[in-house]
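*Asks:* One structure, pasted below without further comment.
The values are calculated or read from the model by the stated rules, or taken from the named source; none is laboratory data. Just so it is clear, the structure is predicted and the values come from calculations on it, not from any experiment. All Cβ positions, even for glycine, are placed from backbone atoms using ideal geometry, and neighbour counts span all protein chains on display.
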Amino acid sequence: MELIGQVLIKNGLITAFVFVGLVMAASYWFSRVLTGGRIEGSAIAITVGLLLAYVGGVHTGGSKGVADIPLLAGVGLLGGAMFRDFAIVATAFGADLRAIREAGLLGAVSIVLGVVISFAVGALVAVAFGYTDAVSISTIGAGAATYIVGPVTGTALGAASDVIALSVAAGLVKSVLVMVGTPLVARFIGLDNPQSAMVYGGLMGTTSGVAGGLAATDPKLVPYGAMTATFYTGVGCLLAPSVLYLAVRSLTQAF
Amino acid sequence: MVVYGVALLAASMLIGMVAGDALGALLGVQANVGGVGIAMLMLIVFANLSRERFALNPATESGVKFWAAMYIPIVIAMAAKQNVVAAVSSGWLAVIAGVGAVAVSFALIPVFTRLAGRRKRDPS
């Protein structure tokens, strides 16, 4: 038993392939047999992944879901940014360059608008919870953009560490919700063509959320959504600590 | 050879990442700006270039297609390593901020797509 465990740990990435394969097999079976194919297997698999991440996090007290369990450390590598981005880039093979070019301007506008809207919602919630200083309000607003924009902004503005932690948490909530929620609302928001996928990527912005959400909705749309989402964090890190912070500061001074 | 496809994909990604980091540094931002997007454009350009001059070998193509097919499994691994505990146990402020941002953004997608569609159909 110990011997098996050692082999599995030593070959972590290979173990991760088996782990993901089993999760997918169970999820697709569940989708076909219990929901009659109504709920996409990949959507179930992603939800199961998130549930397991919760269980793993409670069990180990770590921050990397199941990847903190030594036996499943390879899942951290397989699901890390390197392989994720590699696979996202691969999906562009066969993407329609014309569709990207046609929706290019719309996509660019949606990125800026997406950052501003998420920031505004986060900032308003911070105000509702009693924050009055521009730095904390801006940091939490930035966290509502993505969990990278939050701490980058907070560090740049010198926010307190508990506020930075809150901003990361807001970004994590967003990312998880986008993964789970996208397939549920896709039909109602018209998310079924390259153009709306580019708008979706630009408005949502969280790379992992968009990656998971589109995988569970229609993998053909991944390159279009990822194309805009990949610029979002950068634009957020650009706007939040500068223009948006200044706007918040002048508003807090006015009231 | 399959490895040509994998190498083409890997080279595209590295070029994109370098360009994204450089763009970030240029803008004075501590983040990669559009690395994946630039990498995707590189791959599309490379693939189309080679298609014009010499047909992309099916084996080469399969080196890229394999990784595209691995996309969903990788995303599931990504889901399994998220800090879900922090997301759900961080108190109401974070939850409301996150949910609010997603809800408003979702609601704006059809509005936005429709506005653009109308503009295209009616170029006045």
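*Asks:* Six or more apart or on different chains, Cβ atoms under 8 Å: show the pairs whose first residue is in the range A:180-209 and under 12 Å from B:LEU108 (Cα atoms) and assigned by TED's automatic domain parsing to the domain that holds A:ALA170 and whose second is surrounded by fewer than 24 Cβ atoms within 10 Å (Cβ to Cβ) and among the small types (Gly, Ala, Ser).
*Replies:* A:ILE189/B:ALA107; A:SER196/A:GLY190; A:VAL199/B:ALA116; A:GLY202/A:ALA108
*Asks:* When you go through B:ALA59, B:ALA39, B:ALA19 one by one, which is the residue that is in contact (Cβ under 8 Å) with a residue 24 or more places away in the chain, more than 30 Å from A:SER136 (Cβ to Cβ) and more than 9 Å from chain A (Cβ to nearest Cβ)?
*Replies:* Values: B:ALA39 fails: more than 9 Å from chain A (Cβ to nearest Cβ); B:ALA19 fails: in contact (Cβ under 8 Å) with a residue 24 or more places away in the chain.
The conditions single out B:ALA59.
*Asks:* Among the residues of the range A:138-158, is any more than 10 Å from chain B (Cβ to nearest Cβ), at pLDDT below 90 and farther than 29 Å from B:ILE15 by Cα?
*Replies:* Looking through the range A:138-158, none of the residues is more than 10 Å from chain B (Cβ to nearest Cβ), at pLDDT below 90 and farther than 29 Å from B:ILE15 by Cα.
*Asks:* Checking A:GLY114 against (1) assigned to a loop (DSSP other than H, G, I, E, B); (2) closer than 24 Å to A:THR155 by Cβ; (3) within 8 Å of chain B (Cβ to nearest Cβ), only one condition comes out false. Which one?
*Replies:* The single condition A:GLY114 does not satisfy is (1).
*Asks:* Take the range A:37-84 and flag every residue that is charged (D, E, K, R), touching a residue at least 40 places away in the same chain (Cβ under 8 Å) and either at the interface with another protein chain (Cβ under 9 Å from one of its Cβ atoms) or in a helix (DSSP H, G or I) (or both). Explain how you work it out, then say what you get.
*Replies:* We begin by selecting, within the range A:37-84, every residue charged (D, E, K, R); these are A:38, A:40, A:64, A:68, A:84.
Pick out the ones that are also touching a residue at least 40 places away in the same chain (Cβ under 8 Å) and you get A:40, A:84.
Scanning the range A:37-84 gives a single hit, A:ARG84.
*Asks:* Could you check, for the range A:136-159, whether at least one of its residues is outside any helix (DSSP H, G or I), within 30 Å of B:PHE46 (Cβ to Cβ) and in contact (Cβ under 8 Å) with a residue 24 or more places away in the chain?
*Replies:* From the range A:136-159, those outside any helix (DSSP H, G or I) are A:146-148, A:158-159; that's our starting set.
Retained after the next criterion (residues that are within 30 Å of B:PHE46 (Cβ to Cβ)): A:146, A:148.
When the remaining residues are screened for being in contact (Cβ under 8 Å) with a residue 24 or more places away in the chain, the result is A:146, A:148.
For the range A:136-159, residues outside any helix (DSSP H, G or I), within 30 Å of B:PHE46 (Cβ to Cβ) and in contact (Cβ under 8 Å) with a residue 24 or more places away in the chain: present.
*Asks:* Now for a separate question. Of the residues A:SER208, A:SER167, which single one is facing chain B (nearest Cβ under 9 Å), part of a helix (DSSP H, G or I) and either out of contact with any Gly (no Cβ under 6 Å at 6 or more places or on another chain) or surrounded by fewer than 24 Cβ atoms within 10 Å (Cβ to Cβ) (or both)? Outline the logic, then answer.
*Replies:* On the way: A:SER167 fails: either out of contact with any Gly (no Cβ under 6 Å at 6 or more places or on another chain) or surrounded by fewer than 24 Cβ atoms within 10 Å (Cβ to Cβ) (or both).
When all the criteria are applied, what remains is A:SER208.
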